[in-house]
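Colleague: Let me give you the structure first, and then I'll get to my questions.
The values are calculated or read from the model by the stated rules, or taken from the named source; none is laboratory data. Keep in mind that what you see is a predicted model, and the values were worked out from it rather than measured. Heads up, the Cβs are rebuilt from the backbone with ideal geometry, glycines too, and the neighbour counts pull from every protein chain shown. Areas reflect the complete protein model, heavy atoms only, side chains present, ligands, DNA and RNA absent. Shrake-Rupley method; radii C 1.70, N 1.55, O 1.52, S 1.80 Å.
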Amino acid sequence: MSSACLLPRLSPRRVSCLFIIMALAGNIVCASEVRAARLVSTVHHHRLAVLSVATQDDTLGRVQDRAYFQPFARKAGIRVVRRTWDGQATTLAAHAATESTPATWAVVFGEDSAIRTSCIQGTLVRLAGSADNPDGCGVAALHPAIVLAWDRGWRPASPRWADFWDVVRFPGKRGLRRDPRSTLEIALMADGVPPHDVYDVLSTGPGIDRAFRKLTQLRPYITWWSTPEESARIIENGSVLMGSVFSNEIARLPARRHDIGVQWAQSLGECLSWALVQGVSPAMAGQARDLLHYIVQPEQQDRFAALYPMGQVAAGSPAGEPSVDLPMDLEFWGAHLPDLSQRFADWLRGPA
C-alpha cells in the first residue's frame, strides 16, 4: 500500500488550509533567519569604535575626510564619522560632556576665535603650546584671509571697504558674514578706522556702537553668508556685487561667468585649527590624539595639499606674496565673542 493511502482523506478545503499553514510556517522560519543574519551583521558593524570629528560642511570638510579621516580609519580599524558644525562656541558646548554622559564629539576643526573661547570655557583640551597657539588651545592647520572680492565686470579698479558701503555710486547687493567676527572689524574700517586701531576702538562701548551703526546703514543691501564656501559661491553666481570672502575659497573657484577680483588691502588674517574635546571616553580620547598626530604628519599634509591646493597667507608674508593688514585678535574674541554674538543676534532680529 502506498504512503499516500495512509493519509486521512481530506476535503479540498482542508487541503488548502494545510498548504497555507505550511507556507506560513516556512515564511516564519525564513523571516527569523533574515532577522538573525541582520542582527549578526549589525553586531559586527558596531564592533568598530566610532570617532566623531566636527568640521565644516563644505569642500574643505569633504577633502579632510578623504585626506585624513578615512585613511586613518582604515589604519586604526575604527569608524571616523564627520559631523558638521557652524563654528560657534555655543554649538560646541552643546556637544560637551555632562555629569552623566561623555562628549559626543572627539575632535573639532574651526576658527581660532571659537577654539580659544571654547578652550577658556573648558570645553577643549589644552595641548602643548606652539608659536601659533602658545596657550595650547589648538593645533594650527590653515591661515586663510578674509578679503574683499568683487565682480570685475562692473568695476575694473579695486574697491575698498568704504566703497563697499557706497550703494549710491555702486548699487547692488553686498555679501557679509552672519557673525560678528570679521563683520564688525570691516564696518569700522569702512567707517575710516585704520586696521591697526580697529581692536582698540572695538574694545570700547562707543566703538561697538559705532560698528553697529555702520552696519545698520548697509543693512537693506546685505546678503548674509554663513560658511566659507558660501561666501565665495554668492560672488561666483552673481548674487552679490561684492562681498567679504575667505581667500582659500575664492582661490578655488573656476573661471566661469565672472571675472572675480580680490582686494588684499584691509584684509583680515584668520587661522583654522584642530582641537580635542574635553570629556570623551578614555578609549576615544586616545584615538582622538592618534588622529591628531596622524593629521600633522608630512605625508598626510602632502596628500591634503594635493587635494586642496590654496595659498597660505598670514601677516608678515614674504615680499611679493599677499599679506593681511589686520590679524584677527584672538585675545579680544576669546574675551568678547559670547557677548558680541548675543548683541549681533539681537541686532539681526531688530527692525530692517
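Colleague: Simple spin-label model, 7 Å along Cα-to-Cβ: A97 to S203 in nm?
Modeller: Reported label-point gap for A97 and S203 is 3.5 nm.
Colleague: A further question follows. With a 1.4 Å probe and all protein chains kept in place, how do K75, K214, K173 rank by accessible area, largest first?
Modeller: Largest to smallest exposure gives the sequence K75, K173, K214.
Colleague: Going from most exposed to least, what order do T204, T104 have by accessible area with a 1.4 Å probe?
Modeller: Largest accessible area first, the list is T104, T204.
Colleague: So, one more: Quick check: pseudo-label points 7 Å beyond the Cα along Cα→Cβ at A49 and R155, how many nm apart are they?
Modeller: For A49 paired with R155, the spin-label model returns 5.4 nm.
Colleague: Taking 7 Å along the Cα-to-C-beta vector as the label spot, tell me the T84-A162 distance in nanometres, rounded to one decimal.
Modeller: 4.0 nm
Colleague: At 0.36 nm per residue, minus the direct Cα-Cα distance, what do H196 and I120 gain on full extension? Give it in nm, one decimal, please.
Modeller: Net length gain for the segment: 24.8 nm.
Colleague: May I ask you to derive the relative contact order of region 196-268, considering only C-alpha pairs under 8 Å and at least 6 residues apart, and to give it as an integer percent?
Modeller: Averaging sequence separation for qualifying contacts and normalising by length gives 21 percent for region 196-268.
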